[in-house]
1. Which residues, counting only those in the stretch 87-111, are open to solvent by 20 Å² or more (accessible area, probe 1.4 Å) and in a helix (DSSP H, G or I)?
2. Here is a list of conditions, (1) crowded, with 16+ Cβ neighbours inside 10 Å; (2) modelled with pLDDT of 95 or more; (3) closer than 27 Å to K55 by Cα, and S225 meets all of them except one; can you say which number that is?
3. Which of (1) touching a strand residue (DSSP E or B) at 6+ places or on another chain (Cβ under 8 Å); (2) open to solvent by 30 Å² or more (accessible area, probe 1.4 Å); (3) in a loop (DSSP other than H, G, I, E, B) is the odd one out, the single condition P145 does not satisfy?
4. Look at L72 and say whether it is at pLDDT 90 or above, touching a strand residue (DSSP E or B) at 6+ places or on another chain (Cβ under 8 Å), assigned to a strand (DSSP E or B) and more than 13 Å from F227 (Cβ to Cβ).
5. Restricting to the stretch 206-225, give me the number of residues that are over 21 Å from the mean Cα position of the chain (by Cα) and in a loop (DSSP other than H, G, I, E, B).
6. Based on what the data block shows, is L70 more than 23 Å from D161 (Cα to Cα), touching a residue at least 60 places away in the same chain (Cβ under 8 Å) and surrounded by 14 or more Cβ atoms within 10 Å (Cβ to Cβ)?
7. For the stretch 32-48, indicate whether the set of residues that are over 26 Å from L179 (Cβ atoms), open to solvent by less than 30 Å² (accessible area, probe 1.4 Å) and not charged (D, E, K, R) is non-empty.
Amino acid sequence: MAIEIFRRKEQKYLITKEQYSELIKQLLPNMRPDKYGDDGKYTVTSLYFESPDNKIYFETKNKLKYRQKLRLRIYDDNNIHGAAFFEVKQKHKDVVNKRRMIVPLVEAYRYINNPLHLPLEEYETSNTQVLREIHYFRQLYELYPEMVVSYDRHALHGIEDPDLRITFDFNLRCRNDDLAIEHGPFGRNFIDTNLVVLEVKVNDSVPLWLTRILQDLQCKQRSASKFCTSLELLKSEQLPINPIKEEIQLVGVM
């Protein structure tokens, strides 16, 4: 059975495109492009789920020590019969755990739209155990499809350390008027288009050589929640009065 389980630490940064260009030059001696996509570049389109009382938003916004999200994701151009990834992303302090299964997109939609009491064995999936965890999460939080988030990604892996992964996300968009992810990556930009979300992902600690490069280029760690920022843009009237919005909605680097 195909199952993907990830456990790693993540550091997030918000940088300019100029910083990105210089970073790439300095990283390439120690990094290689991701094997997926064109030279490590591809598009990510995800359907995110939320509860009627916006519990996922508040857990993320308030940075609870333990919080989790549910999303259905595809890469690049895909169709209703292509492969999708259904995953639960959990975060405990600074450690991220992801449990993911592969499922035909049409089958994922069938599960989402069918009554919850139907037997899970009815669905075609790479791993029924992961589906059980997704199912429990959906029931516990009363989750429903909320919005689509998409972006263009450039991903790198360490040459000497394959567990070191760096991703750059551009052109971040969101929408809630068309929740069919096979319709492609489009929507409203929720981050200044001159800014790039950088994530450094490691099993243990960030290598010293990488830390020095980030410091030299003045890349500062900043919270960059795609989920919260998108929801604040799309549902501002339904969230509490004058919520403290993510700074990454603002133009330029703060």
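The values are calculated or read from the model by the stated rules, or taken from the named source; none is laboratory data. Just so it is clear, the structure is predicted and the values come from calculations on it, not from any experiment. Cβ atoms come from the backbone with ideal geometry, glycine included; neighbour counts cover every protein chain shown. Heavy atoms of the whole protein, side chains included, go into the accessibility calculation; ligands, DNA and RNA do not. Shrake-Rupley method; radii C 1.70, N 1.55, O 1.52, S 1.80 Å.
1. V106, E107, Y109, R110
2. (2)
3. (3)
4. Answer is yes for this residue.
5. Qualifying residue count, the stretch 206-225: 3.
6. So L70 fits the description; yes.
7. Within the stretch 32-48 (the criterion being over 26 Å from L179 (Cβ atoms), open to solvent by less than 30 Å² (accessible area, probe 1.4 Å) and not charged (D, E, K, R)), the answer is yes, since at least one residue qualifies.
Yes or no, residue by residue, for (1) without any contact (Cβ under 8 Å) to a residue 40 or more places away in the chain; (2) open to solvent by 20 Å² or more (accessible area, probe 1.4 Å); (3) farther than 25 Å from E142 by Cα:
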| residue | (1), (2), (3) |
| --- | --- |
| K25 | yes, yes, yes |
| D53 | yes, yes, no |
| K65 | yes, yes, no |
| I74 | no, no, no |
| D77 | no, yes, yes |
